[in-house]
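Following this message is one structure expressed as C-alpha cells.
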Amino acid sequence: EFVGKQKPIRKRLDPVQIYYFERAVLDLGFNQFQLIYERTNKIKVGTITSSNEKIYCRGAEIQIPDGLTMASFIKNGFSDELKLAGVYSDKSNIELIGNISNIDVNCNVGTANWTTEMEITIGQNEPFIIKNIYTYEGAIIFDPAYKNAQQALNSALQDFYSLIIKHPDFSKALSTPM
C-alpha cells in the first residue's frame, strides 16, 4: 500500500510462505520459480551425471528432446529455471553438482509415474538426496501410454527442480554471505 511517496515495505518470505506462494504461482500457470527468491548470491549448475541414460516405456525408448542425454537435459532445464529466477551465474563460486542414481518411467494402465532420484552437492555442503515420484495418467494402449510418458517428462522434472529449490541447503547456499 502506498501512502504519499512512501514505498511499500518488502519482507522476506519464510519457507512455508514460499511453499504456498509457489503453489499459487503454479495454479496460475506462471513459471514456478519466478519472483520467489530475492537473493544476492548466484549459483551455477556444474556436472550432472547418470548411469541410466536410456529410459523405456513398454519397450520403446523415451526420446529426450534435442537428442540430449538425460543428464544434459536435466542440467539444461534446471539451469534455465535458475536463470528465470535470476539466481544463476556461470561465474558463481557456488556450484551445484549431481549424480542421478535413478530415473525411470512406469507406463502403467491407470496411474503411471516418473521416478527421479539424485544425489546433490551444493558448494561445500554435505551431499543430500532428492527423490521425486510424479504421477500422471497412464493408458491401456501403447501409443497413448508412450505419448503420455513423453509429455509428462517436463512436468515431472519441474516437480523435481522444485524439491531441490525447497531443500534447506539450496536456500542456505543462496543466502550465506560470501
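Amide H neighbours of residue 49 under 5 Å, counting only residues 5+ apart in sequence or on other chains, H built in-plane at 1.01 Å?
Here the answer is 98, 99, 100, since their amide H atoms fall under 5 Å of that of residue 49.
Further question on the same structure: Could you compute how much accessible surface residue 129 exposes when probed at 1.4 Å, giving the result in Å² to the nearest 10?
Answer for residue 129: close to 100 Å² accessible.
Rounded to the nearest 10 Å², what accessible area does residue 45 show when all protein chains are kept and the probe is 1.4 Å?
10
Which sequence of 69, 115 reflects their accessible areas, 1.4 Å probe, from the largest down? Write out the running numbers ahead of the final one.
Numbers: 69 65, 115 20 Å².
Greatest to least solvent exposure: 69, 115.
Please label the shape of the range 36-109 as rounded, prolate or oblate, based on the square roots a ≥ b ≥ c of the eigenvalues of the alpha-carbon gyration tensor (a/c under 1.5 means rounded; beyond that, a/b larger than b/c means prolate, else oblate).
On the way: a/c = 2.79, a/b = 2.28, b/c = 1.22.
Cα axes put the range 36-109 in the prolate bin.
To the nearest 20 debye, what is the magnitude of the charge dipole of the range 44-126 about its Cα centre, counting +1 on the Cβ of each Lys and Arg and -1 on the Cβ of each Asp and Glu? Could the numbers behind the result be given before it?
Working: 6 positive and 11 negative charges, 28 e Å.
So the magnitude is around 140 debye.
I've got another one for you. Once Lys and Arg get +1 and Asp and Glu get -1 on their Cβ, which of 125, 115, 92 lies farthest toward the positive end of the dipole of the range 75-178?
92
Mind listing the phi-derived Karplus ³J(HN,Hα) values for the range 101-113, rounded to whole Hz, using 6.51, -1.76 and 1.60 with θ = phi - 60°, and x for any glycine or proline?
Karplus values, whole Hz, x for Gly and Pro: 8, 7, 9, 7, 10, 10, 8, 6, 7, x, 9, 10, 7.
Please state the shape class of the range 50-92: rounded when a/c is under 1.5, otherwise prolate if a/b exceeds b/c and oblate if not, all from the C-alpha gyration tensor.
On the way: a/c = 3.66, a/b = 2.73, b/c = 1.34.
It comes out prolate by the Cα gyration axes.
Solvent-accessible area per residue for the range 48-110 at a 1.4 Å probe radius, Å²?
Values: 3200 Å² over 63 residues.
With all protein chains present, the range 48-110 gives 51 Å² per residue.
The values are calculated or read from the model by the stated rules, or taken from the named source; none is laboratory data. This structure is a prediction, so every number in the text was calculated from the model and none was measured. Note that we place each Cβ from the backbone using ideal geometry, even for glycine, and neighbour counts take in every protein chain shown. Protein only, heavy atoms only, side chains kept; ligands, DNA and RNA dropped before computing areas. Shrake-Rupley method; radii C 1.70, N 1.55, O 1.52, S 1.80 Å.
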